[in-house]
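Here is the structure we will look at.
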Amino acid sequence: MKRRDFLKLGGLSATGSLLGACTMPHRARTVVPYVEQPAESIPGVPNTYATTCTMCRAGCGMLARVIEGRAVKLEGNPAHPVNRGKLCALAQASLQRLYHPDRIQGPLRRQGERGNASFQSASWEVVLAAVGDRLRALAGKDAVAVLSAPLNGTRGRVFESFARALGGRGPVTLDLENEETLLVGGLASLGLPRLPFYDIANARMVLSFGADFLGTWLSPVQFGRFYGAMRQDRPGVRGTLVHFEPRMSLTGACADAWIAVRPGTEGMVALGIAQSLMTQGLAKPGFADMAPSLEAHAPERTAADTGIQPEVLHELARDFATISPALALAGGAAIAQTNGVSVAEAVHLLNLLVGSAGMAGGVMAGGGVPVRELQAFRPSRFQDVQDLVSRMRSGRIQALLVAGVDPSYLLPASSGFQEALQKVPLIISFSSVMDDTTTWADWVLPDHTFLESWGVVVPEPGAEVPSLGSQQPVVSPVFDTRPTPDVLLSLGRTLGPDVARALPWGSYAELVESTWTDLGGAELWLKARQEGVWVGKASPQVQVRPASRPLTLPRSEQSGDASEYPFFFYPFLTPNLHDGRAADLPHLQELPELMSAGVWSSWIELQVQAAERMGLVEGDAVELRSPHGKLRARVHLSPGLHPDVIAMPMGQGHRAMGRYASNRGANPLAILAPLVVQGSGDWAWGGTRVRLSKVEEAPSFTRVERQPWPPQKAGGPGFLSLQDLREQTWPWDGRHDRSR
Amino acid sequence: MRLGRGIFAMGALLILKGSAIAGAGIAPTQPIPFNHETHVGKRQISCVFCHPYAAEGPHAGIPSLSTCADCHRVVWPSHPDVIKVMQAYQNREPIRWVRVTYLPDFVRFTHRRHVKAGIACQTCHGDLGTMPRVYQARSLNMGDCLSCHRQNNAPTDCLTCHY
């Protein structure tokens with residue numbers, strides 16, 4: 001080979017390897033190792049930590065997959081008896097709050113006018129000192145109130161102790177589940193000491209009144225499992241589900257029969273079935289003395305009110321008595337009426353009449369909780385909230401602490417909360433996001449998300465066996481936030497000897513550890529963290545003691561006269577947005593509502609023929625008016641709705657909640673009446689009437705389906721499908737196939 | 001002709017200067033001139049002493065500063081480069097090493113599998129005990145990997161490395 005060629009070849013090979021090197025992207029050029037070698041994690045190999053979800057009160061067990069200190073995926077914990085490895089949309093999306101761009105990253109102090117304020121960052125030392133000074137002057141004077149989500153587990157224990165020591169009363173809790181109504185109804189009719197356990201998995205017939213248990217009610221993951229077992233676990237047995245609800249929810253769609261019932265008449269329907277059972281001689285013996293009081297509720301007599309043909313109820317009664325085991329349950333808007341307790345009792349009567357109270361496949365007493373201190377929390381009633389509002393308005397409340405709940409959003413305008421809030425000199429929020437209430441706060445002491453927190457969680461209503469969920473941090477705290485129970489403990493120590501005595505724990509983690517070690521020693525403390533849950537043995541069934549007494553069913557009162565407000569208003573929870581608590585998570589905004597396919601918006605649903613009578617088409621802008629407020633939204637026509645009902649999803653309409661939820665849609669809770677459930681004091685949020693009028697403008701309504709119901713004529717105004725949205729607003733670079 | 005010689009000259013210059021481009025044969029300049037020849041060749045320190053994750057997971061990785069500090073808090077602390085490392089450790093400032101061995105994103109390589117199969121580190125990474133400055137000893141292109149896989153009866157299915 002000539003030298004020239006040799007040199008050329010040498011040059012080529014050098015160039016060749018250079019060319020190979022040039023394909024390494026710039027971002028791969030640098031390798032940056034740890035400063036301190038982490039003890040627990042191997043780069044690229046995930047660790048899984050067991051914890052418990054607290055997005056709702058079901059308390060499902062959760063496994064978090066963590067890679068190099070970052071949580072990347074949440075899954076259900078197969079060992080937890082409530083959810084056995086499954087998770088709902090709220091839980092799956094909760095990871096987004098951990099790294100949310102709008103998360104409050106450290107303590108804040110208000111600058112400027114309330115409501116319009118800018119917030120300035122402050123250090124924990126400064127904030128705790130300032131807040132501590134203010135609270136110290138108010139300790140023991142019944143001048144400090146705590147507003148929170150329903151109390152649970154060790155967190156509830158700290159909140160309760162703090163609130164009582166400082167303000168003389170426990171926290172006021174806010175929730176739409178109306179648990180008190182369920183408890184009072186269950187106690188009165190069945191003698192149940194706690195929320196009943198519905199053994200749907202072993203039932204062969206389920207009658208559900210208003211409880212969307214597959215979608216949103218109480219513990220949907222658990223009920224979903226039970227439902228699957230009912231349908232598929234027993235060879236040859238499919239089970240029957242009949243669902244009464246004004247709107248076809250997920251449960252209605254899964255049911256063998258969905259019966260649109262006029263809101264407020266569910267109790268009449270239940271008693272109609274009960275009366276039919278008695279007259280057909282199908283009821284268990286021992287209830288003959290109830291026959292006279294049931295006469296008034298014979299299906300023929302109540303057909304005009306309920307709108308249901310008597311024969312339907314007679315046939316249901318026959319099935320309910322002959323298909324065994326059968327169980328009936330009530331919840332949701334059916335008990336959020338002024339007669340809600342009576343409705344719950346009426347539905348429990350059905351269980352008594354067919355003998356499914358206290359039996360497998362029927363209504364049972366759920367597994368309790370073996371730790372007395374964790375059981376003691378009774379949810380507040382709406383009357384307690386109203387009482388708090390009047391104390392705030394009168395100036396008795398000098399400081400309000402808000403944690404885990406957004407009262408400015410959840411409470412209706414008619415409650416007067418927002419005006420009363422202005423009278424409180426000191427408002428402290430512990431929220432992780434700048435939500436409606438927090439924009440009015442003076443100080444923000446942001447909580448950890450539950451993925452960064454310790455806790456012992458009591459599942460509600462819980463599984464068939466007693467269980468306790470273990471909650472542990474799966475990542476180091478991402479920002480400069482502090483767990484609220486710890487903040488309360490450290491504040492409490494500075495507020496005088498009485499308060500300090502009520503909070504005898506050095507830290508919240510210490511309380512959590514001692515809760516486990518008291519129950520089962522150091523072995524249980526380790527096991528609970530490893531497995532995420534403690535499961536007890538099935539306790540002997542609490543004897544269900546029926547109270548057979550004459551049942552009175554008062555009519556449900558509605559707010560608004562039928563002549564002025566012709567429609568019943570039906571605000572409904574959705575499996576993704578729930579009551580708005582997670583509207584800031586874009587995964588949940590992106591998830592279509594199951595029946596209407598609506599995303600990123602709110603809307604009102606009108607039954608198809610009712611809309612035609614009013615001359616409304618899909619997408620029309622309307623104003624909805626109740627006796628207590630008004631809102632604007634666009635119309636969605638639905639065949640799955642009672643014609644006298646206007647339904648609207650809850651969850652949107654936040655004035656503030658981060659970039660994904662702020663100023664989006666409208667909040668149906670704002671226009672509701674402050675009605676109260678007799679006998680329990682809960683909020684009868686199902687009892688408001690409304691009227692409708694067409695307007696020019698309303699927030700847009702987006703669906704992921706093109707075809708509205710009925711099929712749209714020539715592009716209705718304001719109706720925007722996701723396809724339209726993509727084409728109008730997102731620039732395409734030409735590479736996407738637009739031929740679909 | 002002139003062009004060819006020009007390219008050769010530039011290539012040679014780049015190799016000789018040891019620029020910060022990596023690739024087979026190139027030994028880039030590192031922020032700290034860590035010398036494998038002294039640590040591995042002379043002191044006979046085992047690879048997995050500093051790179052423990054090679055036997056545990058997909059990435060062998062570069063040792064953390066705490067690994068260096070564990071010895072160098074007492075070993076030759078007056079050496080100027082040791083001083084730089086210990087200061088970085090105290091300031092919690094990681095060293096930003098220049099990558100020598102690079103595989104593109106569409107290749108999934110797991111160190112653990114290969115180490116557990118008994119393949120010596122030197123097989124792919126070269127005889128580091130003779131390298132004062134690390135360079136990529138083999139081309140590590142697909143043919144290179146396949147030749148070894150074929151010789152050792154390891155799977156050569158596409159999905160083995162591309163998934």
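The values are calculated or read from the model by the stated rules, or taken from the named source; none is laboratory data. Quick caveat, the model's predicted, so the values are computed rather than measured. Cβ atoms come from the backbone with ideal geometry, glycine included; neighbour counts cover every protein chain shown.
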So, in segment A:51-102, of the ones that are among the hydroxyl-bearing types (Ser, Thr, Tyr) and part of a loop (DSSP other than H, G, I, E, B), which residue ends up nearest to the chain's Cα centre (by Cα)? A:Thr54
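Among the residues of segment B:109-116, is any in a loop (DSSP other than H, G, I, E, B) and among the β-branched types (Val, Ile, Thr)?
Yes, segment B:109-116 has at least one match.
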For segment A:138-172, what are the residues that are over 25 Å from the mean Cα position of the chain (by Cα) and β-branched (Val, Ile, Thr)? A:Val144
Please verify whether B:Ser66 is within 9 Å of chain A (Cβ to nearest Cβ) and at negative phi, treating the condition exactly as stated. yes
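Report whether or not B:Asp105 is more than 9 Å from chain A (Cβ to nearest Cβ) and among the acidic types (Asp, Glu).
On the way: more than 9 Å from chain A (Cβ to nearest Cβ): no; among the acidic types (Asp, Glu): yes.
So B:Asp105 does not fit the description; no.
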Where B:His79 falls short, out of the listed (1) more than 9 Å from chain A (Cβ to nearest Cβ); (2) under 27 Å from A:Pro25 (Cα atoms); (3) not hydroxyl-bearing (Ser, Thr, Tyr): (2)
B:Leu140: passes all of (1) out of contact with any Leu (no Cβ under 9 Å at 6 or more places or on another chain); (2) outside any helix (DSSP H, G or I) but (1)
Show the residue pairs meeting these rules: Cβ distance below 7 Å; 6+ apart or different chains; first residue within segment A:269-288 and farther than 16 Å from A:Ala326 by Cα; second residue modelled with pLDDT under 95 and among the polar types (S, T, N, Q). A:Val269/A:Thr306; A:Gly272/A:Thr302; A:Gly286/A:Ser548; A:Phe287/A:Ser548
Would you check if there is a residue in segment A:612-626 being in contact with a strand residue (DSSP E or B) (Cβ under 7 Å, 6 or more places away or on another chain) and within 30 Å of A:Pro101 (Cβ to Cβ)? no
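Please enumerate the residues belonging to segment B:42-54 that are out of contact with any Ser or Thr (no Cβ under 6 Å at 6 or more places or on another chain), more than 9 Å from every other protein chain (Cβ to nearest Cβ), part of a helix (DSSP H, G or I) and surrounded by 15 or more Cβ atoms within 10 Å (Cβ to Cβ).
Just the residues of segment B:42-54 that are out of contact with any Ser or Thr (no Cβ under 6 Å at 6 or more places or on another chain), to begin with: B:42-49, B:51-54.
With the extra rule that they be more than 9 Å from every other protein chain (Cβ to nearest Cβ), the set shrinks to B:42-49, B:51, B:54.
Pick out the ones that are also part of a helix (DSSP H, G or I) and you get B:42, B:47-49, B:54.
Result: B:Cys47, B:Ala54.
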Does A:Ala326 qualify as being among the small types (Gly, Ala, Ser) and out of contact with any Lys or Arg (no Cβ under 7 Å at 6 or more places or on another chain)? no
How many residues does segment A:37-54 contain that are away from chain B (no Cβ under 14 Å) and surrounded by fewer than 22 Cβ atoms within 10 Å (Cβ to Cβ)? 2
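Starting from residues that are in a loop (DSSP other than H, G, I, E, B) and more than 15 Å from the chain's Cα centre (by Cα), keep the ones in segment B:59-81 and report whichever is farthest from B:Arg113 (Cα to Cα). Lay out the reasoning, then the answer.
Quick first cut of segment B:59-81, residues in a loop (DSSP other than H, G, I, E, B) only: B:59-64, B:73-79.
Add one more test, that the residue is more than 15 Å from the chain's Cα centre (by Cα), and what stays is B:73-79.
On the way: B:Arg73: 34, B:Val74: 35, B:Val75: 34, B:Trp76: 36, B:Pro77: 37, B:Ser78: 40, B:His79: 38 Å.
Step by step, filter segment B:59-81, then rank; the result is B:Ser78.
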Suppose the filter is surrounded by 15 or more Cβ atoms within 10 Å (Cβ to Cβ) and within 14 Å of chain A (Cβ to nearest Cβ); does B:Val85 pass it? yes
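Looking only at residues in segment B:128-163 that are of a type in the set (D, E, K, R) and loosely packed, with under 15 Cβ neighbours inside 10 Å, which one is farthest from B:Gln30 (Cα to Cα)? Don't jump to the end; show me each part of the working.
To start, the set of residues in segment B:128-163 that are of a type in the set (D, E, K, R) comprises B:133, B:138, B:144, B:150, B:157.
Now narrow it down to the ones that are loosely packed, with under 15 Cβ neighbours inside 10 Å: B:144, B:150, B:157.
Values: B:Asp144: 26, B:Arg150: 35, B:Asp157: 37 Å.
Here the answer is B:Asp157.
How many of the residues making up segment B:59-80 are closer than 21 Å to A:Glu36 by Cβ and either surrounded by fewer than 18 Cβ atoms within 10 Å (Cβ to Cβ) or among the hydrophobic types (A, V, I, L, M, F, W, C) (or both)? Spell out the reasoning first.
So in segment B:59-80, the residues closer than 21 Å to A:Glu36 by Cβ come out as B:59-75, B:77.
Narrowing further to those that are either surrounded by fewer than 18 Cβ atoms within 10 Å (Cβ to Cβ) or among the hydrophobic types (A, V, I, L, M, F, W, C) (or both): B:60, B:62, B:65-66, B:68-71, B:73-75, B:77.
Number of matching residues: 12.
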Looking at B:Thr38 and the list (1) more than 30 Å from B:Cys161 (Cβ to Cβ); (2) touching a helix residue (DSSP H, G or I) at 6+ places or on another chain (Cβ under 8 Å), which single condition is not satisfied? (2)
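Assess whether B:Arg113 counts as being over 24 Å from A:Arg29 (Cα atoms), within 14 Å of chain A (Cβ to nearest Cβ) and modelled with pLDDT under 95.
Values: over 24 Å from A:Arg29 (Cα atoms): yes; within 14 Å of chain A (Cβ to nearest Cβ): yes; modelled with pLDDT under 95: yes.
So B:Arg113 passes the test.
Just the residues that are over 17 Å from A:Ala670 (Cα atoms) and either in a strand (DSSP E or B) or among the hydroxyl-bearing types (Ser, Thr, Tyr) (or both), please, taken from segment A:612-632. Give the derivation first.
Keep residues of segment A:612-632 that are over 17 Å from A:Ala670 (Cα atoms), which gives A:612-621.
The one that is over 17 Å from A:Ala670 (Cα atoms) and either in a strand (DSSP E or B) or among the hydroxyl-bearing types (Ser, Thr, Tyr) (or both): A:Ala621.
When you go through A:Leu207, A:Leu214, A:Leu151, A:Leu218 one by one, which is the residue that is within 30 Å of A:Ile427 (Cα to Cα) and either touching a helix residue (DSSP H, G or I) at 6+ places or on another chain (Cβ under 8 Å) or part of a loop (DSSP other than H, G, I, E, B) (or both)? Steps first, answer last, please.
Details: A:Leu207 fails: within 30 Å of A:Ile427 (Cα to Cα); A:Leu214 fails: within 30 Å of A:Ile427 (Cα to Cα); A:Leu218 fails: within 30 Å of A:Ile427 (Cα to Cα).
None of the other options fit; the residue is A:Leu151.
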Taking segment A:281-324 only, how many residues are within 30 Å of A:Gly236 (Cα to Cα), of a type in the set (Val, Ile, Thr) and within 35 Å of the chain's Cα centre (by Cα)? 2
Only listed residue being surrounded by 22 or more Cβ atoms within 10 Å (Cβ to Cβ) and farther than 30 Å from A:Ala317 by Cβ, chosen from A:Leu214, A:Leu207, A:Leu218, A:Leu147: A:Leu147
